[in-house]
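All of the numbers you see were taken from the coordinates with simple rules; none came from a lab. Given the structure is predicted, the values throughout are model-derived calculations rather than measurements. In this analysis, Cβ positions are derived from the backbone assuming ideal geometry, glycine residues included, and neighbour counts consider all displayed protein chains.
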Amino acid sequence: MEKITEKEQEILKTVDKFVYSKLSDDKTGHDYAHIQRVVKMAQRLAQDSAQGRLFVVLVSAELHDVIDEKIVADQTKAENEVRSFLEAHQVFQADIDAIFAIITHMSFSKNLEHHYQLTLEGQIVQDADRLDAIGAIGIGRAFYYGGAHGHIMYDPKIAPRQKMTHDEYRQNETVINHFYEKLLKLADLMNTSAAKQAAQHRTAVLEDFLQEFKAEWNQNK
Ligand code: ADP
Ligand code: NI
């Protein structure tokens, strides 16, 4: 990937502070630590690629949750604020457009009804975000999210849904069903081969967890 210039490095630092101010008190699993993990993972995945702009990868990773419908009440307002912020820091218009094309189309829920073709940079950020939804941290985040939204952990009478629209996806009822409706599907949806590989191990962690969870659930029946 194209190396980061000194000026871009400065902009990245400012973007990071902006994101921290927006997400530092999130209690739904989309906190600043999630962003830091996604940025690091995206940087690692980007190393495998000769093409693309690393700056676009890293800024998109930083900003991907700041305009998310789950986090902000008014998405258009949040998008306008981010756009003005980038313009004020002299980010090239082409980069701003590339960043917005990524952060407004990369989410799992957005891709339920329509599959968006992302750029190489977008595919990397999407993979990094999705890797953070699986494995041990993914399990933690799912229960954390479920608790924050008042969902119960599990009810064997509520079957996971096979196919959902975007609105139905948001009305999930149990945390365990979220594993079947999303998390176990992510490994097959990874774009890059490094992420595919990492996803295999993390998915096995989910499968072991589900098996243990159900064994304990049924133990005293
Ligand atoms: P995206 O932003 O790609 O649409 P989500 O909002 O589905 O992704 O997921 C972001 C994080 O929140 C993931 O760690 C995911 O597991 C968790 N999460 C989202 N929806 C639920 C849910 N209904 N139950 C439990 N965890 C959820
Ligand atoms: Ni995210």
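Key figures
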quantity	calculated
Under 24 Å from the Cα of residue 157 - lysines, other chains or at least 8 residues apart	182, 185, 214, 221
Cut-off under 5 Å, modelled amide H: who pairs with residue 52 long-range	2
Reciprocal mean inverse distance between Cα atoms of the chain - Kirkwood radius, Å	18.3 Å
Contour minus Cα-Cα distance for residue 113 and residue 81 (0.36 nm per residue)	8.8 nm
The chain - mean residue ellipticity at 222 nm from DSSP helices (-39,500 (n - 2.57) per run, n ≥ 4, rounded to 500)	-19500 deg cm²/dmol
Residue 9/residue 94 FRET efficiency (R0 25 Å; Cβ-Cβ; nearest 0.05)	0.85
Binned Cα-Cα distances of the stretch 48-107, short to long, each 5 Å bin given as a whole percent	4, 18, 29, 26, 13, 6, 3, 1
Table column - 3J(HN,Hα) (Hz), the stretch 8-16, Karplus curve with 6.51, -1.76, 1.60, x for Gly and Pro	5, 4, 5, 4, 4, 4, 5, 4, 4
Derived scalar couplings ³J(HN,Hα) [the stretch 78-95; Karplus, 6.51 cos²θ - 1.76 cosθ + 1.60; whole Hz; x for Gly, Pro]	5, 5, 4, 5, 5, 4, 4, 4, 5, 4, 4, 9, 6, 6, 4, 4, 4, 5
Angle in degrees between helix 120-131 and the longest Cα principal axis of the chain, rounded to the nearest 10	30 degrees
Calculated FRET efficiency for the pair residue 162/residue 200, C-beta based, R₀ 25 Å, to 0.05	0.60
Kirkwood Rh (inverse of mean 1/r, distinct Cα pairs), the stretch 91-192, angstrom	14.9 Å
Other-chain or far-sequence residues with amide H under 5 Å of residue 116's (modelled H)	none
